[in-house]
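Enquirer: Take this structure, written in structure tokens, and hold onto it; I'll ask about it next.
The values are calculated or read from the model by the stated rules, or taken from the named source; none is laboratory data. All figures in this text were calculated on a predicted structure; none of them were measured in a lab. Cβ atoms come from the backbone with ideal geometry, glycine included; neighbour counts cover every protein chain shown.
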């Protein structure tokens, strides 16, 4: 609590495969409009080296932190990043997060399932404005990399450099051929 004001702590779940400008725009929007603090959840933390989740939780944490330092540095003191493993039970997922995280009262997500689950549990749910959603989503970026198409304008140059250093494009291409 700050004096007599009630702290609004929000959660922003995502997989961040990879982190991109849309994520940072949504995080900044949430901190400007609906939350005093934000817990950024790196979901599917146990999954990696798959087409849907090619990066490890540690890689995503490192990339996301770097993205936020570079693009939202003045907000950092209000952001926590927490990797969370899936439990594969949608109905119990909100309760699972309540057990893992400090108390929160606000949820920020553009995912209809996430919105439904939290609304059903009585939370305030906000939809952030989408940033070039048709081409700045993890799904689009991964597909573009596999196809050899342009994707770099959705991801800051420093993150692109880090992805290149870790062999992200080759990893995705090998996974898409079934070389797992």
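Enquirer: Within segment 147-175, work out how many residues are touching a residue at least 40 places away in the same chain (Cβ under 8 Å), buried (at least 16 other Cβ atoms within 10 Å of the Cβ) and in a helix (DSSP H, G or I).
Expert: Selection size over segment 147-175: 8.
Enquirer: While we're on this one: Tell me whether segment 87-97 contains one or more residues that are surrounded by 12 or more Cβ atoms within 10 Å (Cβ to Cβ) and touching a residue at least 60 places away in the same chain (Cβ under 8 Å).
Expert: Taking every residue of segment 87-97 in turn, at least one turns out to be surrounded by 12 or more Cβ atoms within 10 Å (Cβ to Cβ) and touching a residue at least 60 places away in the same chain (Cβ under 8 Å).
Enquirer: Being part of a helix (DSSP H, G or I) and at pLDDT 95 or above is the filter here; which residues of segment 83-104 pass it?
Expert: Listed by number, the residues that qualify are 92, 93, 94, 95, 96, 97, 98, 99, 100.
Enquirer: May I pose another question? For segment 23-68, enumerate the residues that are in contact with a strand residue (DSSP E or B) (Cβ under 8 Å, 6 or more places away or on another chain), at pLDDT 95 or above and in a loop (DSSP other than H, G, I, E, B).
Expert: Hits for segment 23-68 are 36, 43, 45.
Enquirer: Here's another thing I want to ask about it. Given (1) touching a residue at least 12 places away in the same chain (Cβ under 8 Å); (2) under 27 Å from residue 33 (Cβ atoms); (3) within 16 Å of the chain's Cα centre (by Cα), where does residue 118 come up short, assuming only one miss?
Expert: If we test residue 118 against (1) touching a residue at least 12 places away in the same chain (Cβ under 8 Å); (2) under 27 Å from residue 33 (Cβ atoms); (3) within 16 Å of the chain's Cα centre (by Cα), just (3) comes out false.
Enquirer: Okay, next question. Can you find even one residue in segment 43-54 that is more than 15 Å from residue 138 (Cα to Cα), in contact with a helix residue (DSSP H, G or I) (Cβ under 7 Å, 6 or more places away or on another chain) and surrounded by 20 or more Cβ atoms within 10 Å (Cβ to Cβ)?
Expert: no
Enquirer: Could you please find all residues in segment 121-130 being touching a residue at least 24 places away in the same chain (Cβ under 8 Å) and either under 13 Å from residue 26 (Cα atoms) or assigned to a helix (DSSP H, G or I) (or both)? Can you show your working first?
Expert: Keep residues of segment 121-130 that are touching a residue at least 24 places away in the same chain (Cβ under 8 Å), which gives 121, 123-124, 126, 128-130.
Correct list: 126, 128, 129, 130.
Quick grid of which residues meet (1) closer than 21 Å to residue 79 by Cβ; (2) part of a loop (DSSP other than H, G, I, E, B); (3) at pLDDT below 90:
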| position | (1), (2), (3) |
| --- | --- |
| 114 | yes, no, no |
| 118 | yes, no, no |
| 132 | no, yes, yes |
| 136 | yes, yes, yes |
| 140 | no, no, no |
